[in-house]
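These notes concern the structure reproduced below.
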Amino acid sequence: RIFRVEVTVVETEQDALLLENVLIKHLQPKYNIQLKDDKSYPYICIKNERFPRVFITRHREDDGSEYLGPYTSIQQTRMILDLLLSLFQIRTCNFNLSEKNISEGKFKVCLEYHLGNCKGPCAGLQSEEDYMQTIKQIRDILRGNINSVIGYLKILMAEHAERFEFEEAQKVKEKLDALQNYQSRSTVVNPKINNVDVFNLEEDEKRAYVSYLKVVNGSIIQTKVIEITKKLDELPEELLLYGIAEFRQRFKSNSKELILPFPMKVELRSEEQEELTLTVPKIGDKKKLLALAYKNAFYFKRQQNLKRADRKTQQERQFELLSQLKKDLRLKELPVHIECFDNSNFQGSYPVSSMVLFRNGKPSNQEYRRYKVQTVEGPDDFASMEEVVFRRYRRLLDENRSLPQLIIIDGGKGQLSAAVKSLKELGIDRDVAIIGIAKRLEEIFVPNDPLPLFIDKKSQSLQLIQRLRNEAHRFAITFHRGLRSKGSLKSELHDIPGIGEKTAQKLLTHFKSVDVIREATAKQLKEVVNMKQAKAIVQYFKGTED
């Protein structure tokens, strides 16, 4: 069912998984079943409360809390949280640590305090300012700002080593390794960036490529790149402006903020005539989204250039193939237009012919033709070929259309001679090259030469000729079988007195087959035809009028 493939470039495999999850949930494609349920990727939540808790959740709530992630693996998320809890002493309880509750001494320290995992804010043993400084460090790590923490751990590890506390130094080293291997949250999703359009531009001398990212509720839900062919010396601002208008109209975007690679001198407005906010980020998450948009434009440009180069290579290959065919057959012109004929009949009945046409070495299906042989009785392959070739080129001459550079006849000397006879009668035998290909030994014959022309059996020239022959044979056989099928139907029903074409069709539509009609009673037949016709059918098949 695929008819188009679009590519979005992201930084890591993790980003790819996250974007896939977002797109599947948003677009609900038919064949992606695994991610259609309500299960989503996990986040690490910094709760909006006094002495915030830090925990894992799969559900984001609009309560002012900070959600960092998502992460592609719950195991990875737990590892990150365990790392944070081992590095920093924060609470894991869910008590309401209001000033009143703490001052009234409602809570006592728990085992976590005695193990050194918590500093006891519930009992007033840690100030809110000190606790929030710890939360800030955790937030920095989750956002990817881990250099300061890594530096601190390196100093701490060295201090333990100097005091010969190697076990403690090893524990710090494990934390350091875990922290260095930790990947910060994806550039694909950022909960703080909501309902914005991201645009970027890549260009070369002849074309420009404008990329677009649609970010809604912190997730990229649409990506697209368009190619613009330059007509004049358009400025980058003009090209980007065209892309912005195209994408916002195509995707019906109502975003009030546009993230752009450079400032725009013109004022942009939304459909509601509100002025849009234009952001040109220098650092941070929006800058990363801008870089991602540029990477998509650059990748798309490279892919289009490769396709153009491949098309050029295909044209070169086709030219080489036709040039080789011209050389092997000693033709005067390059055979860019080739036609091939084949006959088909069954013991002389339903004789038909086919003509297939190749342009530049490729089938031109819309120009295929098929013929019912009209003047030949019995199984006369030579006469059939003579008739069909004459009819084909008589029409081309009457319509003043171009003739082919090469005609191929499926058959040996006899069929070739019959075709040449028609070309002479039309006076074009010297204008068109013609050959015959015999099936048994794949021999190539040319007019006025009793010996076959030698062509290497492995050559591409012979393969092209065989391909034309096989295509003509397939086309003729298909047409012939269709006529035979209709003919067998006609012999069964159309010979019955009073049964014409439309009545036969009505009977077949109702009863599905001739065998069912043969066994039907007059009463059953009366549901489709009148009584006189029903009696005629019964008498024809059963020999009785009962």
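Sort out for me the strands (runs of 3 or more DSSP E) sitting completely within segment 40-136 that have 2 or more residues that are among the β-branched types (Val, Ile, Thr).
Values: elements: 43-46, 54-57, 66-68.
Hits in segment 40-136: 43-46, 54-57.
Could you go through segment 13-22 and let me know if any residue there is surrounded by 15 or more Cβ atoms within 10 Å (Cβ to Cβ), out of contact with any Gly (no Cβ under 7 Å at 6 or more places or on another chain) and either at pLDDT 85 or above or assigned to a strand (DSSP E or B) (or both).
No, because not a single residue in segment 13-22 is surrounded by 15 or more Cβ atoms within 10 Å (Cβ to Cβ), out of contact with any Gly (no Cβ under 7 Å at 6 or more places or on another chain) and either at pLDDT 85 or above or assigned to a strand (DSSP E or B) (or both).
Would you check which residues across segment 348-381 are assigned to a helix (DSSP H, G or I) and over 19 Å from PHE479 (Cα atoms) and list them?
none
Of all residues in segment 447-465, how many are open to solvent by 40 Å² or more (accessible area, probe 1.4 Å) and either in contact with a strand residue (DSSP E or B) (Cβ under 8 Å, 6 or more places away or on another chain) or not in a helix (DSSP H, G or I) (or both)? Explain how you work it out, then say what you get.
To start, the set of residues in segment 447-465 that are open to solvent by 40 Å² or more (accessible area, probe 1.4 Å) comprises 447-452, 454, 456-458, 460, 463.
When the remaining residues are screened for being either in contact with a strand residue (DSSP E or B) (Cβ under 8 Å, 6 or more places away or on another chain) or not in a helix (DSSP H, G or I) (or both), the result is 447-452, 454, 456-458.
Number satisfying all stated conditions: 10.
Looking only at segment 396-435, count every residue that is hydrophobic (A, V, I, L, M, F, W, C) and in a strand (DSSP E or B) and tell me the total. Spell out the reasoning first.
Our first condition is that a residue be hydrophobic (A, V, I, L, M, F, W, C); within segment 396-435, this holds for 396-397, 403, 406-409, 416, 418-420, 423, 426, 428, 432-435.
Within this subset, residues satisfying the condition of being in a strand (DSSP E or B) are 406-409, 433-435.
Matching residues across segment 396-435 total 7.
I'm checking my understanding of the structure. Among residues of segment 386-407 that are aliphatic (A, V, I, L, M) and within 23 Å of LEU331 (Cα to Cα), which one is surrounded by the fewest Cβ atoms within 10 Å (Cβ to Cβ)? First the steps, then the outcome.
Step one: list which residues in segment 386-407 are aliphatic (A, V, I, L, M), which gives 388-389, 396-397, 403, 406-407.
Of the ones still in play, those that are also within 23 Å of LEU331 (Cα to Cα) are 389, 396-397, 403, 406-407.
Numbers: VAL389: 27, LEU396: 15, LEU397: 13, LEU403: 15, LEU406: 24, ILE407: 25.
Taking the candidates together, the pick is LEU397.
Hey, among the residues in segment 81-115 that are open to solvent by 40 Å² or more (accessible area, probe 1.4 Å) and among the small types (Gly, Ala, Ser), which one's modelled with the lowest pLDDT?
Checking each candidate, the answer is SER86.
Please work out which one of (1) at pLDDT 90 or above; (2) of a type in the set (Val, Ile, Thr); (3) surrounded by fewer than 21 Cβ atoms within 10 Å (Cβ to Cβ); (4) touching a helix residue (DSSP H, G or I) at 6+ places or on another chain (Cβ under 7 Å) is the condition VAL376 fails and give its number.
Condition not satisfied by VAL376: (1).
For the list (1) assigned to a helix (DSSP H, G or I); (2) touching a residue at least 12 places away in the same chain (Cβ under 8 Å); (3) over 24 Å from GLN324 (Cα atoms); (4) of a type outside the set (S, T, N, Q), I need the number of the one condition that GLU471 fails.
It fails just one condition, (3).
Where the second residue is basic (Lys, Arg) and the first is touching a residue at least 12 places away in the same chain (Cβ under 8 Å) and lies in segment 410-433, which pairs have Cβ atoms under 7 Å and are six or more apart or on separate chains?
ASP410/ARG469; LEU426/ARG394
Any idea which of LEU290, LEU276 is under 30 Å from ASP197 (Cβ atoms) and either aromatic (Phe, Trp, Tyr) or at pLDDT below 90 (or both)?
LEU276
Is it true that GLU377 is acidic (Asp, Glu), farther than 21 Å from LYS326 by Cα and touching a strand residue (DSSP E or B) at 6+ places or on another chain (Cβ under 7 Å)?
So GLU377 fails the test.
If you check TYR31 against the conditions, is it among the aromatic types (Phe, Trp, Tyr), modelled with pLDDT under 85 and open to solvent by less than 30 Å² (accessible area, probe 1.4 Å)?
Here the answer is no, as TYR31 does not meet what is asked.
I need the full set of residues from segment 408-427 which are aliphatic (A, V, I, L, M), open to solvent by less than 10 Å² (accessible area, probe 1.4 Å) and out of contact with any Phe, Trp or Tyr (no Cβ under 6 Å at 6 or more places or on another chain), in order please.
Matches in segment 408-427: ILE408, ALA419, LEU423.
Considering SER364, SER402, SER353, which residue is among the hydroxyl-bearing types (Ser, Thr, Tyr) and either modelled with pLDDT of 95 or more or under 15 Å from ASP342 (Cβ atoms) (or both)? I'd like the intermediate steps shown before the answer.
Working: SER364 fails: either modelled with pLDDT of 95 or more or under 15 Å from ASP342 (Cβ atoms) (or both); SER402 fails: either modelled with pLDDT of 95 or more or under 15 Å from ASP342 (Cβ atoms) (or both).
It is SER353.
Being closer than 24 Å to VAL210 by Cα and modelled with pLDDT of 90 or more: is that true of PHE251 here?
Considered against the rule, which asks whether it is closer than 24 Å to VAL210 by Cα and modelled with pLDDT of 90 or more, PHE251 comes out as no.
Looking at ARG440, is it under 19 Å from ILE477 (Cα atoms), free of Cβ contacts under 8 Å to residues at least 24 places away in the same chain and either open to solvent by less than 50 Å² (accessible area, probe 1.4 Å) or charged (D, E, K, R) (or both)?
Yes: the conditions hold for ARG440.
The values are calculated or read from the model by the stated rules, or taken from the named source; none is laboratory data. Please read all numbers here as calculations on a predicted model, not as lab measurements. Please note: Cβ atoms are built from the backbone with ideal geometry, for glycine as well, and neighbour counts cover all protein chains shown. Heads up: the accessible areas ignore ligands, DNA and RNA and are worked out on the full protein's heavy atoms, side chains in. Shrake-Rupley method; radii C 1.70, N 1.55, O 1.52, S 1.80 Å.
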